[in-house]
């Protein structure tokens, strides 16, 4: 076979494989898929459960996905799809401690987590000692 044939063949394989290489995940970036599109409206009473954690010092004063500055002393949270401004009542299942937070950021970036709470909200639920815990969240506004 000719040199030209092999050149085209190898380039074709490289081109086909190039779409499979590399990562589209960057820090601070959520890839939106059909199952994770941002909701236009949150239904009051919508409930979900899962693991929650909190974030604080390292993010204080940095811009959130909503455009506002993160304040670890505010009662806010990050959620992948709920609209910004949605208020949630978050209850720690093990202790019954609860807090109302407002969605102002996207995340969490840990796959098994459903919420990232601000440091103030996390402390109110006792996450400053545990790091993360199972919670139940209900849309209240």
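Taken together, the values in this text are just the output of simple stated rules run on the coordinates, not laboratory data. Everything numeric here is computed off the predicted structure, so don't read it as measured data. Here the Cβ is made from the backbone with ideal geometry for all residues, glycine too, and neighbour counts use every protein chain on show.
Give me the percent of DSSP beta bridges within the stretch 41-139 that run antiparallel, rounded to the nearest 5.
Looking only at bridges with both residues in the stretch 41-139, the antiparallel portion is about 70 percent.
Testing the spin-label approximation: label points 7 Å from Cα along Cα→Cβ at residue 69 and residue 46. State their distance in nm.
3.0 nm
Relative contact order for the stretch 41-139 using alpha-carbon pairs under 8 Å, separation at least 6, rounded to a whole percent? Kindly include the intermediate steps, with their values, before the conclusion.
Details: 231 pairs, mean separation 42.1, N = 99.
RCO, the stretch 41-139: 43 percent.
Could you calculate the FRET efficiency of residue 130 with residue 109 from 1/(1 + (r/R0)^6), where r is the beta carbon distance between them and R0 is 22 Å, rounded to 0.05?
Working from the Cβ atoms, E equals 0.70.
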